[in-house]
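Please read the structure below before turning to the comments.
The values are calculated or read from the model by the stated rules, or taken from the named source; none is laboratory data. Just so you know, these numbers come straight off a predicted model, no measurement behind them. For neighbour counting, all protein chains shown are included, and Cβ atoms are generated from backbone atoms with ideal geometry for every residue, glycine included.
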Amino acid sequence: MSEFILILLSTLDSTIRVSTPLILCAMAGLFSERSGIVDIGLEGKMLGGAFAAAAVASITGSAWIGLSAAIGVSVCMALLHGFACITHKGNQVVSGLAINILASGLTVTLGIAWFHQGGQTPLLSGDARFYSIDLPGALAVADVPVIGAIYSQLISGHNALVYLAFFTVPVTWWIVYQTRFGLRLRAVGENPQAVDTAGISVFWLRYRAVICAGILCGIAGAYLSTGQNAAFIREMSAGKGYIALAALIFGKWRPKAALLACLLFGFLEALTVRLEGVDLPLIGQVPTQLMQALPYILTVVLLAGFIGKAVAPKAIGVPYIKER
Amino acid sequence: MKRQLLVLSAAVALASSAVAADFKPAVVFDMGGKFDKSFNQSVFDGVEQFRRETGVKYREFEVTNPSQREQALRKMAQRKANPVLAIGFAQATALEKVAKDFPDTKFSIIDAVVDLPNVQSIVFKEQEGSFLVGLLAAMKSESKVVSFVGGMDIPLIRRFNCGYAQGAKYAVKDVKVISNMTGSTPSAWNDPVKGGELARSQFDRGSDVVFAAAGGTGAGVYQAAKDAGKFAIGVDSNQNHIHPGTMLTSMIKRVNVAAYNTFKGVQNDTWKPGFNVLGLAEGGVDWALDDNNKSLITAEMKAAVDQAKADIIAGKIVVHDYMSDNKCPSL
């Protein structure tokens, strides 16, 4: 029994690590999409951020400067997206896809040119990485049954960006639902004409929304290359941006529900890793291929039966034209 | 007179260009690039050594996406490069097409078999090298559990896995070997995040030595081992320097020697098409011992591994090859 709890705890522990970039990207997408801008480019911004973080951290030796660089690069890409589809009213899906392609090509090209390691950055060590933090009292309560184990193994011992990611969820909720900016943000995604009539700039609001998205994607990227890993490796975002987007839609564009969807995806991925090659009672060893397909199968099942209708913000994907 | 001179000079030009055309070596690296600290870099070391020793320059290309493989090989052959060295099993299909179109060009491929009259296929007995590092892993393990992280789930990687398991069980009978593959698509070579998670899950299940044969994914595995205070084993190149104190050893595949010999063979006209299988006896595979890991290898371990190596070369130990029947008796 205790072994089962140990496996469960380690799976949940891994869930938290795997979900972190998903949560950050989902919150990023929430800001952007709630303002009416489709954000397919989460993946590209995260990848660009990951490269910037690892490259700058390896040169300066500081993970925090790396994080700032990641945010900077990701915000620039977000502004590019904004410039194309807010100012110039371009197609938002096409612009987002272009951001992804740009990031995937540019990171490898710059990586080869600067570091000569086939698109990788040098391995980071010391202060150039975010290390896991032991929360106060983790060791002291480790022996207390259940609660002690949960606190010391599950909650304590992650790096700063993990805690930051979980912290962004209530902050996002507070901004979107409790502030004036949040009210206007939601309004501009539903009915931009009304916002414009009230004398508020639709463009400026949407720009601020994509900047928020850029900041969060940058943090997600820095987590990938300087927290979870110790270098940038080509295409290291591996589709996480798209999964975060799916989680956002799962969560009906609401912070709490999106968080739960991210945790579900993270849990399935962690479970896949844990159960691979393990003999299960009654079933025996499950084939690798089935385990790897499991998250996708469950996604289809959940989407078909349990989630219900997800209603997007009304003005999403529609560029705002002032006079009609 | 003038005309004769012209013909003469043309003939001289032709002759000299023919000589040059005879020997213009080229190498096409695979994804990962020549500075991947692993497989491709080892090839790069080999061809660089050749350039330094003979002064003959070579053409090179680093493939950065799958569609470039055939294009690159074809370009090299069109520019009269000879021999053309293709790196990695993934280039086999591309090479098969190109080699048929250029029957006069000599091609060599490392890590794959292409059965054509103008192709030399160089393959390694990875199972023998993996056997040795498996033996070391089992002797080093205190928990009697060792593990393996593979890249893409292909027979070649299963061969590493199988040799490793055999070596571990040869050293310690009741050792448990946990094996995981990162994925079933080429992206499994470059997924350090998943590699790290796999390694962590193996550590949770009791493993304290992990062997990664997974290209770029290995970086995540080694990092996880370092963070968790466990041991890791490198692959292809000597990777002991990556994390001294964590890297127990590396399973070396001397692709540098193979690459060097290919160029040298064509230069000396001793190059032959067909199969070229390199094992422990030929020095094609080995285990790495240097300043970075000598404190981790006890005298007892060294004696055992040297004995096993001698026995394999002498044929007293036969390491089963997974690819011969797609089965592994030790797993």
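Brief remarks follow.
- Taking first residues from the stretch A:119-135 that are acidic (Asp, Glu) and partners that are outside any loop (DSSP other than H, G, I, E, B), the Cβ contacts under 9 Å between residues at least 6 apart in sequence or on separate chains come to A:Asp127/A:Ala57; A:Asp127/A:Ala63; A:Asp127/A:Trp64; A:Asp134/A:Ser152.
- Number of the exception - B:Gly245 against (1) more than 22 Å from the chain's Cα centre (by Cα); (2) within 21 Å of B:Ala168 (Cβ to Cβ); (3) touching a residue at least 12 places away in the same chain (Cβ under 8 Å): (2)
- Helices (runs of 4 or more DSSP H) enclosed by the stretch B:220-331 - at least 2 residues per element that are out of contact with any Cys (no Cβ under 8 Å at 6 or more places or on another chain), modelled with pLDDT of 90 or more and crowded, with 20+ Cβ neighbours inside 10 Å: B:255-267, B:299-314
- Unique residue being closer than 14 Å to A:Gly29 by Cβ and either among the β-branched types (Val, Ile, Thr) or surrounded by fewer than 22 Cβ atoms within 10 Å (Cβ to Cβ) (or both) when the list is A:Thr172, A:Thr197, A:Thr226, A:Thr179: A:Thr172
- Residues that are among the acidic types (Asp, Glu) and farther than 23 Å from A:Leu30 by Cβ, drawn from the stretch A:261-276: A:Glu276
Matching residues to (1) closer than 22 Å to B:Gly218 by Cα; (2) of a type in the set (A, V, I, L, M); (3) surrounded by fewer than 24 Cβ atoms within 10 Å (Cβ to Cβ); (4) not assigned by TED's automatic domain parsing to the domain that holds B:Ile297:
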position	(1), (2), (3), (4)
B:Ser42	yes, no, no, yes
B:Thr64	yes, no, yes, yes
B:Arg74	no, no, yes, yes
B:Phe89	yes, no, yes, yes
B:Leu132	yes, yes, no, no
B:Val146	yes, yes, no, no
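- Per the conditions (1) modelled with pLDDT under 95; (2) over 11 Å from the mean Cα position of the chain (by Cα), the sole criterion not satisfied by A:Val18 is (2).
- Residues in the stretch A:80-116 that are under 20 Å from the mean Cα position of the chain (by Cα) and within 14 Å of chain B (Cβ to nearest Cβ): A:Ile101, A:Ser104, A:Thr107.
- Residues (more than 16 Å from A:Ala52 (Cβ to Cβ), within 12 Å of another protein chain (Cβ to nearest Cβ) and in a loop (DSSP other than H, G, I, E, B)) located in the stretch A:117-138: A:Gln117, A:Gly118, A:Leu123, A:Ser125, A:Tyr131
- Only one entry of B:Lys264, B:Lys327, B:Lys316, B:Lys272 meets the criterion of being over 18 Å from the mean Cα position of the chain (by Cα) and under 22 Å from B:Val145 (Cα atoms), and that entry is B:Lys327.
- Residue that is farthest from A:Val202 (Cα to Cα), among those in the stretch A:69-87 that are without any contact (Cβ under 8 Å) to a residue 40 or more places away in the chain and crowded, with 17+ Cβ neighbours inside 10 Å: A:Ala69
- Filtered residues of the stretch B:92-113 (kept if buried (at least 24 other Cβ atoms within 10 Å of the Cβ) and closer than 16 Å to B:Pro155 by Cα): B:Ile110
- Residue list for the stretch B:213-244, filter: more than 13 Å from chain A (Cβ to nearest Cβ) and β-branched (Val, Ile, Thr): B:Ile233, B:Val235
- Tally of residues being part of a helix (DSSP H, G or I) and farther than 23 Å from A:Ile37 by Cβ across the stretch A:148-169: 15
The rows are residues; the columns are (1) within 23 Å of A:Ser14 (Cα to Cα); (2) outside any helix (DSSP H, G or I).
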residue: A:Asp143; (1), (2): yes, yes
residue: A:Leu185; (1), (2): no, no
residue: A:Val188; (1), (2): no, no
residue: A:Trp204; (1), (2): no, no
residue: A:Ile219; (1), (2): yes, no
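- Tally of residues being within 28 Å of B:Pro192 (Cβ to Cβ) and surrounded by fewer than 23 Cβ atoms within 10 Å (Cβ to Cβ) across the stretch A:251-268: 5
- Residue in the stretch A:210-219 that is modelled with pLDDT of 95 or more and more than 17 Å from A:Gly82 (Cβ to Cβ) present: yes
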